[in-house]
Amino acid sequence: MKTCVITGASDGIGAEMARQLAARGGVSLVLAARNADRLAAVAAQCERADAPVLAVPTDVALEAQCRALIDAAVARFGRLDALVNNAGISAQALLEQVRAEDLHWYEDLMRVNLWGSVWCTHAALPHLKAARGQLVAVSSLAGLVGVPGRTAYSASKFAMTGFFEALRAELKPAGVAVTIAYPGVVATRIRHHGLNARGEPAGSSGLKEDKAMSVEECARLIIRGMDLRQREVVMTAQGRLGRWLKLIAPGKVEDLALAALKHEVRPY
Ligand SMILES: NC(=O)c1ccc[n+]([C@@H]2O[C@H](COP(=O)([O-])OP(=O)(O)OC[C@H]3O[C@@H](n4cnc5c(N)ncnc54)[C@H](OP(=O)(O)O)[C@@H]3O)[C@@H](O)[C@H]2O)c1
């Protein structure tokens with residue numbers, strides 16, 4: 001039986017991936033996030049589908065906890081076939097709204113979104129190579145196109161893209177696949193507990209969410225990408241178009257990105 005570690009598995013996309021993988025069977029799951037109670041609840045849902053599950057409360061912003069997560073996975077299940085780097089936090093603020101004394105949260109966000117992935121991936125590497133397994137990075141369309149109001153978040157997701165693209169080439173000879181997923185707007189609570197200009201939970205979303213993708217569909221697309229060992233999963237037609245439009249008409253892409261912001265967070 002294969003073993004899959006999922007970070008950010010207490011809620012949203014990571015929790016839904018865990019439930020879908022558990023329902024399908026054939027995989028032992030190692031679930032990681034900070035909130036032990038919510039993690040235990042997701043683990044219980046997976047166990048009801050007869051999946052072997054280990055919940056490891058983990059803060060991916062701390063390197064030692066990332067390494068302990070991978071060690072715990074291998075100690076329990078004896079192997080590691082897939083690591084899904086999904087844990088992430090969001091933020092919405094214009095750079096000019098952020099006071100100098102608050103700017104440190106840009107670094108905090110980078111520790112979760114980028115460094116958490118780097119530390120987990122580094123610890124997992126020998127095990128993934130032994131299994132000729134796979135890595136998944138849950139980036140964002142904001143990691144393909146810079147999004148106004150999201151300088152910190154876009155920077156962290158572009159960084160993830162650079163890290164995992166380079167690593168994909170490094171790991172090609174070892175037979176380890178790297179799938180980078182680029183969701184658009186997905187119906188989770190990420191923007192509500194994402195950070196505002198002061199680095200506090202925003203409490204509301206700064207985006208128009210009426211056309212958000214369901215979390216079930218997003219998880220299904222990422223799992224399909226894993227099954228096919230795809231390089232990339234770019235989730236919406238708008239995202240695929242935006243990526244190419246950026247090359248030929250970057251000003252148009254900026255206008256569209258501004259239009260996607262709610263009026264109160266627009267810079268005019
Ligand atoms: N939803 C979207 O529209 C969207 C779009 C594009 C990309 N994404 C990306 O998809 C991923 C999942 O997002 P989501 O929408 O499912 O968000 P979510 O519902 O807010 O879930 C985020 C998960 O990450 C965990 N997490 C946050 N900080 C953590 C930390 N320091 N250490 C360990 N776990 C941590 C949270 O658990 P705890 O709080 O218990 O730690 C939770 O399980 C993120 O990387 C996000 O950037 C989401």
Checklist entry - Out of all the residues in region 208-216, is one or more buried (at least 21 other Cβ atoms within 10 Å of the Cβ), within 13 Å of the ligand (Cβ to nearest atom) and either free of Cβ contacts under 8 Å to residues at least 24 places away in the same chain or of a type in the set (Ser, Thr, Tyr) (or both)? => result no
Next on the checklist: Quick check on this structure: which one of Ser154, Ser204, Ser140 is among the hydroxyl-bearing types (Ser, Thr, Tyr), in contact with a helix residue (DSSP H, G or I) (Cβ under 9 Å, 6 or more places away or on another chain) and more than 29 Å from Ala23 (Cβ to Cβ)?
Outcome noted: Ser154
Checklist entry - Does any residue in region 97-119 that is more than 24 Å from Ile70 (Cα to Cα) come within less than 6 Å, Cβ to Cβ, of a residue that is within 15 Å of the ligand (Cβ to nearest atom) and part of a helix (DSSP H, G or I) six or more places away or on a different chain, and which pairs are these? => result Tyr106/Ala152
Item to check | Subset tally (residues that are within 13 Å of the ligand (Cβ to nearest atom) and either crowded, with 22+ Cβ neighbours inside 10 Å or under 20 Å from Ser117 (Cβ atoms) (or both)) for region 38-63 | outcome: 12
Checklist entry - Does region 241-255 include one or more residues that are at negative phi, touching a helix residue (DSSP H, G or I) at 6+ places or on another chain (Cβ under 6 Å), surrounded by 17 or more Cβ atoms within 10 Å (Cβ to Cβ) and at pLDDT 95 or above? => result no
Checklist entry - Which one is nearest to Ile190 (Cα to Cα) among residues in region 1-24 that are of a type in the set (S, T, N, Q) and either within 9 Å of the ligand (Cβ to nearest atom) or without any contact (Cβ under 8 Å) to a residue 60 or more places away in the chain (or both)? => result Ser10
Checklist entry - Taking the condition more than 14 Å from the ligand (Cβ to nearest atom), surrounded by fewer than 22 Cβ atoms within 10 Å (Cβ to Cβ) and either assigned to a strand (DSSP E or B) or of a type outside the set (D, E, K, R) (or both), does Leu80 pass? => result no
Checklist entry - Is it the case that some residue within region 84-99 is out of contact with any Ser or Thr (no Cβ under 8 Å at 6 or more places or on another chain), in a helix (DSSP H, G or I) and either closer than 30 Å to Lys208 by Cβ or not hydrophobic (A, V, I, L, M, F, W, C) (or both)? => result yes
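The values are calculated or read from the model by the stated rules, or taken from the named source; none is laboratory data. Owing to the predicted nature of the structure, the values given are computational and were not obtained by experimental measurement. Here Cβ is always computed from backbone atoms with ideal geometry, including for glycine, and neighbour counts include all displayed protein chains.
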